[in-house]
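See below for the structure under consideration.
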Amino acid sequence: MSIYNGTKIRRSVSSDINDIYELLKQGFPQIARYQASFFSQKKWLEYIISGKEAETYVICINNVIVGYAILVINLKKYQIKKEKLAPGYFFRLYGYLFSIKAFISFVKQKYRWLNSVMYGDYNRDKKEDSIYYSTSLVISNIVIEQKYRGMGLGKHLLMYIEDRVREYGKQEVVLAVLSSNTDAISFYKHQHYQISIVGNEFTSMIKKL
């Protein structure tokens, strides 16, 4: 897809991994800081690019990658694989020293948050979950290199991803933003995303296509 002269959006390939990782560190420094290792993150990116659970797209200016987005196709398998390839991720992310009791409590809270992002409600039953999966896809993350922000690249990349969601026959896009990232929340609101859940850490947003 060509946006304007010299700018294109394309599906990522294995040789893009290092560039995507550098962008990830820009967009999510608090996550990159606590990754178990670059090796585990590299393996994760390799899996995303080659797997069927998600699609990764990059936006380039004169063939230089300046942003990327990940569209999750199968959220359940995506989450399971992510946790397997990033051992210790949650421990390092929050810096906790867990007792067994604290660990169990933490896992319960995380699954509760994950359900809120996936389903938009804590009390949905299995039938409702199935309906939700049949109508929605999830954007895992979207990042534009800092010096290229404000040029409309994020909007174009997001529109491209939304077109992919339509091609899959889905009617909604779901994403989660750090609740402290007010700039990102404002950006998505301007793209007609609505807040569905506000948490201490994350805000879930949804757009009907």
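The values are calculated or read from the model by the stated rules, or taken from the named source; none is laboratory data. These numbers were taken from a predicted model, which means no experiment stands behind them. Cβ coordinates were reconstructed from backbone atoms using ideal geometry, including for glycine residues, and neighbour counts include every protein chain displayed.
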So SER186 fits all but one of (1) farther than 20 Å from ALA54 by Cβ; (2) small (Gly, Ala, Ser); (3) part of a loop (DSSP other than H, G, I, E, B); what number is the exception? (3)
Could we say that ASN181 is in contact with a Leu (Cβ under 8 Å, 6 or more places away or on another chain), under 19 Å from LYS25 (Cβ atoms) and of a type outside the set (Phe, Trp, Tyr) here? no
Just give me the residues in region 166-209 being free of Cβ contacts under 8 Å to residues at least 12 places away in the same chain, β-branched (Val, Ile, Thr) and within 18 Å of LEU137 (Cα to Cα), in sequence order. ILE195
Out of curiosity, is TYR160 free of Cβ contacts under 8 Å to residues at least 40 places away in the same chain, surrounded by 15 or more Cβ atoms within 10 Å (Cβ to Cβ) and part of a helix (DSSP H, G or I)? no
Criterion (within 15 Å of ASN63 (Cβ to Cβ), touching a helix residue (DSSP H, G or I) at 6+ places or on another chain (Cβ under 7 Å) and either part of a helix (DSSP H, G or I) or at pLDDT 75 or above (or both)) met by exactly one of ILE9, ILE17, ILE31: ILE9
Can you pull out every residue in region 141-157 that is aliphatic (A, V, I, L, M) and assigned to a helix (DSSP H, G or I)? LEU153, LEU157
The listed residue being closer than 21 Å to LEU137 by Cβ, touching a Phe, Trp or Tyr at 6+ places or on another chain (Cβ under 9 Å) and at pLDDT 90 or above, out of ILE70, ILE48: ILE70
